[in-house]
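These notes concern the structure reproduced below.
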Amino acid sequence: MKDKVTEQGNRFSLACTCGLTMYACAAGYGGYFVFRGSSSPTQYLGVILGLPAVATILFLLTAFNIPGLLAPGRIAFPLNLTLPPVFAAYVVLTVMLLTSTGSSLIIPFDRLRVALFWTSPAVLILVTFSQILCLTALTKLKAEPVD
């Protein structure tokens, strides 16, 4: 029984570490985009940072319910390459659900239009690549013993 609790705790810790690392990469790039390109960044900041947050919650729920997603039980080689595309898919899913309307005659609210930033292939590739780099660096940091 104690081994099962320890295993669930390790999976919880790993999922949170991966999820928050991927969110930090996405939020960093999204925040940079908002503050660089907008005359009033605060009105768009919630949308740009909120969508990766929702994707992080979806990722965590998936990781908790599907143990095979984090199969090695630690940040290892396949995870640093496979988890960022899963996260990108959740971001695109969230954007599509948020911005889709029942009728083609309805235009999305102006503040939500900035959410389409996350559907740009260049942005998704850049953020996914940065997430792969961050998870790889985290893999190396976790693997080396601390003196």
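The values are calculated or read from the model by the stated rules, or taken from the named source; none is laboratory data. Bear in mind the structure is a predicted one, so any value in this text is a computation, not a measurement. So basically every Cβ, Gly included, is an ideal-geometry build from the backbone, and we count neighbours across all protein chains shown.
So the values come out like this:
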| read-out | value |
| --- | --- |
| Residue that is nearest to residue 135 (Cα to Cα), among those in region 82-101 that are aliphatic (A, V, I, L, M) and without any contact (Cβ under 8 Å) to a residue 24 or more places away in the chain | 89 |
| Filter result for the condition that a residue is at pLDDT below 90 and either within 29 Å of residue 13 (Cα to Cα) or small (Gly, Ala, Ser) (or both), over 72, 84 | 72 |
